[in-house]
């Protein structure tokens with residue numbers, strides 16, 4: 001193999017004859033096998049290293065784990081410039097990729113410095129320099145992972161996670177629910193809102209239960225996803241300036257079950273009069289002339305009322 | 001066991017200090033660089049921040065390891081400005097002083113493998129696994145290929161070089177076991193095994209210094225008395241022969257092989273002061289032709 005360091009006599013395999021050439025081919029094969037084997041082992045280890053343990057959180061501005069491991073050169077500048085010394089470089093024995101920075105929310109959460117010194121210190125942009133507002137960082141997502149041990153879920157007023165949240169009243173709100181156990185109290189349910197949660201981990205750090213009942217997890221692990229085709233009627237209506245998406249679409253209204261004798265303006269109840277037309281419109285049936293028609297009649301006042309009910 | 005100590009002749013001729021000049025300078029360089037890095041975490045004196053992958057000196061001078069930056073590039077990430085500038089500075093520096101000067105003068109693993117090499121000699125451990133010295137280039141190619149295929153800087157997961165330096169500054173953990181493994185490997189399995197055969201970091205820097213102007217030259221090769229001390233002390237002995245014994249073959253006295261680490265040990269151990277640091281351009285092929293031809297007919 002012609003490489004720097006080998007002398008001229010070794011470097012020209014074409015000039016080799018017979019046994020020498022045979023030896024060269026064998027040596028090359030041996031080298032390739034050895035290095036290939038090493039490469040395979042390293043490849044397997046690399047794949048495993050991409051699976052970061054969920055409780056190890058990357059500093060703000062880190063991209064997806066695969067991208068981060070291609071960009072971070074393990075210099076530790078972010079570790080040095082963190083004023084609260086929460087960051088650590090992973091040691092070889094840790095399940096986090098060797099040499100990369102991470103923190104553990106339970107023992108030391110991100111204090112969300114406004115000037116984000118860790119990102120400024122990063123020489124490679126593995127921590128994205130475009131992130132200048134710490135409130136826009138997404139290190140993970142807080143999840144109230146155990147409702148059985150959360151004191152607020154048990155009807156008490158702990159509220160600690162809510163109080164320590166740097167984005168209080170946006171990232172975590174307290175939602176009121178009746179306490180059905182006592183029948184007379186209110187439960188203040190800590191509710192995380194993913195559009196505001198930065199994943200700093202202050203809630204997990206402060207949670208008073210022996211094992212934290214609220215935890216910061218990788219957003220990918222914590223977050224569900226509605227199907228692309230889902231439209232929330234009430235949101236679509238607001239977006240459209242109060243105009244329903246389904247209005248004036250000539251849709252068939254389905255029957256509403258109402259208690260006997262109750263009548264609701266604009267609702268169709270098969271139990272009350274008048275009876276259904278034998279066939280729906282479009283298939284030969286005619287909408288009845290009476291007030292509470294089963295079918296939406298585009299343009300009429302009644303049609304509007306029906307569809308506004310749909311939109312709720 | 002070797003009865004004759006390497007360099008005994010030189011010590012007798014030049015005195016102990018002169019026969020260890022470059023070795024002492026090299027250890028001073030390695031240790032003071034390490035101390036400079038350690039001043040921050042140990043004494044809170046942040047002259048240098050970071051580690052050998054990237055460091056910032058006095059909040060102004062960025063230095064980054066071009067090999068790890070190259071891996072990031074191959075993995076598909078273009079580093080930010082400081083990282084690139086640092087890599088450029090380091091590339092230019094090692095191009096000038098000899099790429100593998102990094103190995104001899106900076107790398108902390110050199111302290112470990114030099115110790116293993118010294119101990120191997122003292123204990124008279126003979127026999128060494130045979131692996132080609134060009135294996136490191138195959139490993140270098142493998143690390144770059146893997147970076148490209150996985151999109152990550154895969155080699156940094158296991159690289160003992162960065163592991164040791166980072167470990168000393170940020171906490172060793174199991175890195176100490178890895179370094180111990182390298183030491184034991186060099187001591188028992190393969191002479192000069194890690195630095196001289198396998199390490200892709202050294203291989204990368206050898207490519208960087210392939211055309212370096214600063215080289216070691218056997219400029220007084222005519223005075224060589226064939227004591228073989230330089231060959232025995234050299235971590236890459238294959239680089240010496242063409243320069244030292246090339247007089248009759250029209251080869252100049254400058255050691256041009258990229259794997260010469262510019263460590264200067266050959267200068268130290270030579271009682272005849274054959275070797276010296278010089279520029280690669282001062283390489284007349286007829287240097288010392290007469291006498292070496294005479295030596296060749298006698299010994300070779």
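Read-outs: derived from the displayed coordinates by stated rules, not from any lab. Because the structure is a prediction, the values reported are computed rather than measured. No Cβ is skipped: glycine too gets one built from the backbone with ideal geometry, and neighbour counts run over all protein chains shown.
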Packing rank of B:137-145, B:67-75, B:178-186, where each peptide gets the mean count of other beta carbons within 10 Å, highest leading: B:67-75, B:137-145, B:178-186
Segment B:210-243 and segment B:134-190: distance between their alpha carbon centers, rounded to Å: 29 Å
Spin-label model distance (nm) - residue B:92 vs residue A:27, 7 Å beyond Cα toward Cβ: 3.9 nm
Proxy reagent accessibility, fewest Cβ within 10 Å first, across A:160, A:79: A:160, A:79
Efficiency of FRET between residue A:254 and residue A:138 - r from beta-carbon atoms, R0 45 angstrom, step 0.05: 0.65
Tail beyond 20 Å, pair distance distribution of segment B:47-208 (Cα, percent): 54 percent
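Could you give the length gained on full extension between residue A:163 and residue A:240, defined as 0.36 nm per residue of separation minus the Cα-Cα distance, in nm? Working shown, then result.
Working: separation 77, 0.36 × 77 = 27.72 nm, distance 3.60 nm.
Length difference between fully extended and current span is 24.1 nm.
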Compactness of segment B:214-299 - radius of gyration and Dmax, Cα, Å: 11.4, 32
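In percent, how large is the relative contact order of segment A:140-221, given Cα pairs closer than 8 Å and 6 or more residues apart? Display every interim value, and only then the final one.
Numbers: 160 pairs, mean separation 34.5, N = 82.
Contact order relative to length: 42 percent.
When the Kirkwood radius is taken over all Cα pairs of segment A:140-221, what Stokes-Einstein diffusion coefficient follows at 4 °C and 1.567 mPa s, in µm²/s? Provide the component values of the computation, followed by the final result.
Numbers: Rh = 12.7 Å.
Diffusion coefficient, whole number: 102 µm²/s.
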Paramagnetic reach from residue B:277 (point 7 Å along Cα→Cβ, amide N under 11 Å) across segment B:216-249: B:216
At q = 0.09, 0.15 Å⁻¹, base-10 log of I(q)/I(0) for segment A:24-137 (Debye sum, equal scatterers on each alpha carbon): -0.31, -0.66
In Å, descending, principal axis extents of the Cα set of the protein assembly as shown: 126, 57, 40
Stretchable slack from residue A:106 to residue A:64, in nm (0.36 nm times residue separation minus alpha-carbon distance): 12.9 nm
Inter-site label distance for residue B:57 and residue A:193 at 7 Å from Cα along Cβ, in nm: 5.1 nm
Nearest 10 degrees, 0 to 90: helix B:289-299 Cα axis against chain B principal axis: 80 degrees
Residue-averaged 222 nm ellipticity for the protein assembly as shown, from DSSP H runs of 4+ at -39500 (n - 2.57), nearest 500: -10500 deg cm²/dmol
Peptides B:31-42, A:56-67 ordered by average Cβ neighbours within 10 Å, highest first: A:56-67, B:31-42
At R0 = 45 Å, FRET efficiency that the Cβ-Cβ distance of residue B:38 and residue B:210 yields, to 0.05: 0.85
Shielding by other protein chains, A:165-176, mean Cβ within 10 Å: 0
Kirkwood hydrodynamic radius (C-alpha pairs) into Stokes-Einstein, segment B:1-66, 20 °C and 1.002 mPa s, D in µm²/s: 147 µm²/s
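For peptide B:129-138, compute the average count of partner chain beta-carbon atoms within 10 Å of each residue's beta-carbon. Mind showing how you got there, number by number?
Working: counts 0, 2, 4, 9, 4, 11, 7, 3, 8, 10.
Average neighbour count from other chains, rounded to a whole number: 6.
So for segment B:27-108, what are the equivalent ellipsoid semi-axes in whole Å, largest first, each being the square root of 5 times an eigenvalue of the Cα gyration tensor? Before the final figure, lay out each step's value.
Details: eigenvalues 95, 56, 22 Å².
Here the semi-axes work out to 22, 17, 10 Å.
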Segment A:148-205 and segment B:68-91: distance between their alpha carbon centers, rounded to Å: 45 Å
Percent antiparallel among DSSP beta bridges (both partners in the protein assembly as shown, rounded to 5): 95 percent
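Report the per residue volume, in Å³, of the convex hull enclosing the C-alpha atoms of segment B:141-300.
Details: hull volume 23.0 nm³, N = 160.
For segment B:141-300, the hull spanned by Cα atoms encloses 144 Å³ per residue.
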Computed lengthening from residue A:263 to residue A:50, 0.36 nm per intervening residue step minus Cα-Cα distance: 70.6 nm
Over chain B: Kirkwood hydrodynamic radius from C-alpha pairwise inverse distances, Å: 20.4 Å
